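Read the structure below first, then the notes.
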Amino acid sequence: MMLSPVKCTAKRSKSEPVIHSLPEGIMHDIISRLTLKDAVRASLVSTNWRRLWTCHSNLCFDSPTILNREYGTISRSSSRRGRRRRRFIRRVDAILESHSGTGLRRFGITFALDARHTEHLDRWLKFALDSRASEIAVNLFPVFYKGFVRSYEWEDAYTLPSHMFSSQGASYIESLELVFASLKLSRDFYGPLKLRVLDLQSVHMSEGDLELLLSKCSSLECLRLGRCYPVLNLKVQKPLCRLRNLSVRGCQLQVMEFSAPNLAKFEYSGQAIPITLGESMKPTEATVTLLGYDDTLEHVFTELPKTLSHVETLSVNTCINTEVVGFSNCLMKFTHLIKLEVTMLPHVSVGFSNEPEAYWHFRPCAHSHLEQFEVSGFIGLRSQLEVVLCILDNAVALRRMSVEPRVTAHDRVFGHLAE
């Protein structure tokens, strides 16, 4: 028996998936939760979804997404790398040409590109700015190639457009991450910016440009600097009242001065230098790695308290010699310290001291809050014994103490510690 047209229509409407009847805004929200690759695949499910991916809010281009190749599989052949770069560029261009630019939140490039690809990178960043992306991440040195290390000169690095921070789209950026790039501000840069997160790794920029940029970021909450060159003196006169997290690692600084009254977490890896954080009274957690081969243990307990007197959890990686002159007479004014971790890296030329114990005289320096003390790299040097005995004599609330000889693998550039 033949069914009537009306009944056929009713039957089809009942069998139609409910998801097709969802409002367009909800569908866009669902698609945005997928990766770009999965969003494009989902567009093949239904003709109604064919254009949904063109409003995807996260455009993050990397080798696994665009070339289906994981990091570490890059060929040593320069011709093959060149072909892959050209293929990567073509595919990114094709995606951006089809994307509407509407609703873009995060834009990212993670691929080994440099100054030779300035035309393409400029065009992609312009798209992100015109689309009012709030998060921009550009990583042009994502991996060390397997089997060898690439050697770059700063002349090879891509330079961001000087007008980038002067464009209207820059006012919408809340998070900016740059890896291996050069940054120069234009003369007409006046700010202000709405940046909440600024992450600069292996970025070439002058002291003046960095200080000017930071002075225009009154909303900054998190600042991470790593191997930024040739910055030597980092001085920011304008208070960064919203800054909560500060990380400075591997920079060749000689002086660092900040005014961050609400700083909660501080991380530093570099030479022992004067550090000033202004009237900051709230840092509760700090990690400090002092590089070089000079004895830096005394600096930890004589200079750091001037900056981090209110810290509650302190992790220190420091170099030591046989003795630390004057350490036993210094006052450790970490008045709020609850947990202390010290990794001691003995100097290669250290020996053992046979000085009698009568030589050791400690001035009292009460640590009424210290509950946990952990030491690694302990091999019985006089300076190490001084630290341990001083803590034992003065930490009246101590509940747990750990002393072990093992020294974990140490990266002298960034201070990484690994088993």
Quick one: go through the stretch 184-203 and flag any residue whose amide nitrogen is under 12 Å from the point 7 Å out along the Cα-to-Cβ line of LYS238. 189-195
Length gain on complete extension for the stretch ARG83 to GLU279, per 0.36 nm per residue less the alpha carbon to alpha carbon distance? 65.2 nm
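Label the stretch 110-268 by shape, choosing from rounded, prolate and oblate, from the square roots a ≥ b ≥ c of the eigenvalues of the Cα gyration tensor; if a/c is under 1.5 it is rounded, and otherwise prolate applies when a/b is larger than b/c, oblate when it is not. Spell out each step's value before the answer.
Working: a/c = 1.71, a/b = 1.19, b/c = 1.44.
Oblate, since a/c reaches 1.5 and b/c is not below a/b.
Nearest 0.05, what FRET efficiency do LYS184 and LEU385 give at R0 = 41 Å with Cβ-Cβ as r? Write out the running numbers ahead of the final one.
Values: r = 52 Å, r/R0 = 1.26.
Computed FRET efficiency for LYS184 and LEU385: 0.20.
Under the 0.36 nm per residue contour assumption, what length would be gained going from the current alpha-carbon distance of LYS306 and GLU371 to full extension? Can you show the working numbers first?
Working: separation 65, 0.36 × 65 = 23.40 nm, distance 2.15 nm.
Once the chain is fully extended between LYS306 and GLU371, it gains 21.3 nm.
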Taking the stretch 248-314 and dividing mean pair separation by its residue count, relative contact order in percent (alpha carbons under 8 Å, at least six apart): 32 percent
From a point 7 Å beyond the Cα of ASP122 in the direction of its Cβ, which residues of the stretch 86-101 have a backbone N at a distance under 16 Å? none
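Quick one: with all protein chains in place, what share of the accessible area of the stretch 100-240 is carbon or sulfur, to the nearest percent (1.4 Å probe)?
Values: 3110 of 6340 Å².
Carbon and sulfur together cover 49 percent of it.
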I'd like to check one number: the per residue accessible area of the stretch 84-223, probe 1.4 Å, reported in Å² as a whole number. 46 Å²
Along the Cα→Cβ direction, 7 angstrom out, place labels at GLN254 and ALA397. What is the inter-label distance in nm? 4.1 nm
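The values are calculated or read from the model by the stated rules, or taken from the named source; none is laboratory data. Computed from a prediction, not measured in an experiment: that's the story for all the values here. As a convention, Cβ positions derive from the backbone with ideal geometry for all residues, glycine included, and neighbour counts pool all protein chains shown. The protein model used for the area step is the full one, side chains on, heavy atoms only, and it has no ligands, DNA or RNA in it. Shrake-Rupley method; radii C 1.70, N 1.55, O 1.52, S 1.80 Å.
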